[in-house]
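Every number here is computed from the coordinates shown, using simple stated rules; none is lab data. It should be emphasised that the depicted structure is a prediction, and the values quoted were computed from it without experimental measurement. Note: ideal-geometry Cβ built from the backbone for every residue, glycine included; neighbour counts use all protein chains shown.
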Amino acid sequence: MKKLLILLCSFSSLLFSQTDKQSFGITFSGFVKTDIFYDTRQSVTIREGHFLLYPQNENLDINSNDINDKSSFNILSIQSRANAKITGPEVIGAKPSAVLEGEFFGTSDADINGFRLRHAFVKLDWEETSLLVGQTWHPMFIVEMFPGVVSFNTGAPFQPFSRNPQIRLTHSFDKIKLIAVAASQRDFTSNGPNGFTSTYLRNSVVPNLNAQLQYSGKEIFAGAGIDYKQLTPRIVTTENIKTDNTVSSLAFTGFAKLSFDPLTFKFQGVYGGNLADHLMLGGYAVKSLDTLNGVEEYTALKCFSVWGEISVGKNIEYAVFAGYTKSLGADDNIVDTYYGRGTNIENVFRVSPRVQFNFGSLRFSTELEYTSAGYGTPNNLNKGKIENVKDFTNLRIIGAVYYFF
């Protein structure tokens, strides 16, 4: 019995020693945030007005009064979130880590206050190479320099906004990074005959592909990227005939961040087709239709966008964001349905100055967000370019209180 006790003690000591050497770590962080906002016009939004894209088009009643010329007000805390970062012992020569993050934004307006997944990925870091597998920001959302606006839209529809399940390989050469990504869709999806769903990308078999080059210096961060997407809108026509026609599109981005203490400048430009899954203008449309069998062919709707931001200060931050995006139509004339986002919008413009007061973990923020959208009629015989444009504007006044942990 004595020998057995000694053996058990020795084994326990060895086990705890191994556990100590190969210990795992977890760090929790996040914030609690409440937004208070007032809008001068009904707008295209997500989650009870919290995520604002642009003001709504004119909607006349029987007396020719614009129904959407109506202000609104709300208070919400659904952006509050929690983040867990997990680290562990070295494996296959790499430092492993994982991130799990969620918030109370829900997955739809019906699910508001519901806890939803934002980020969930595993990352392996070698000396010059890293591999990320899981859900996180799409590479066109530049984590190192996205807009710091108070509004939860984070600069959309000018800034690409999407989180995607993906495989991301990054290789570093001193100050240069090469990034290659293959991604699917989950919460941010493309539009089509069955509404917004990931089905069209899944049925194309080819993942969303992205390549990017980044330079990171002492005062300058800059880069450029290219994105390829292929969708299969239908696998059966309205006449019950099998089909597998696809629509392909390319998108390009360039970006820069200049840090000259105490000033910071950020700029990004995007040009491309079928960007509705990034909460941007565009999508695709039917360019030909065989009325006998219902077979459709498609053409991508293009747009370009540009945004910039200047900020100064830390304890008290003063900043202004400005963005502009314009629909460019397609490469072909259009004969039938449009699938996308804002397909009757010719342009959107926004300017939003803000002031933020930081007291350690506590932050008070206020922002004025002026957004103008030009609505018109797509001309099918002129490649879907939008004509007879009329502008509508919304002024959002927002205040926010954060507590970071």
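Structure above, values below:
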| read-out | value |
| --- | --- |
| Segment 125-404 - charge dipole about Cα centre, Lys and Arg +1 at Cβ, Asp and Glu -1, debye rounded to 20 | 380 |
| Of Leu117, Asn274, Asn379, farthest towards positive along the dipole that unit charges on Lys, Arg, Asp, Glu beta carbons give the chain | Leu117 |
| Between segment 331-405 and segment 59-87, the Cα center-to-center distance that results, in Å | 13 |
| Principal axis box of segment 244-387, alpha-carbon based, largest edge first, Å | 68, 25, 25 |
| Farthest positive-ward along segment 125-404 dipole, Cα basis, beta-carbon charges - from Thr232, Cys303, Ala182 | Cys303 |
| Anchor Lys70: lysines whose Cα lies under 19 Å away (excluding residues fewer than 8 positions away in-chain) | Lys390 |
| Relative contact order, percent, the chain [alpha-carbon distance under 8 Å, six or more residues apart] | 13 |
| Cα-Cα over 30 Å, subset of Lys229/Lys287; Lys257/Lys302; Lys33/Lys218; Lys266/Lys383 | Lys33/Lys218; Lys266/Lys383 |
| Cα shape, segment 116-235, gyration tensor, a/c 1.5 rule | prolate |
| Sparse-neighbourhood loop sites, trypsin sites (Lys or Arg not before Pro) in segment 59-151 - DSSP loop, at most 16 other Cβ within 10 angstrom | Lys70 |
| Cα gyration tensor shape for segment 125-404, rounded if a/c is under 1.5, else prolate or oblate | oblate |
| Debye, to nearest 20: dipole size of segment 333-378, +1 on Lys, Arg Cβ, -1 on Asp, Glu Cβ | 240 |
| Thr238 paired with Asn333, simple spin-label distance in nm, labels 7 Å along Cα-to-beta-carbon | 2.0 |
| Crossing angle, helix 2-21 versus the chain [Cα axis fit, 0-90 degrees, rounded to tens] | 40 |
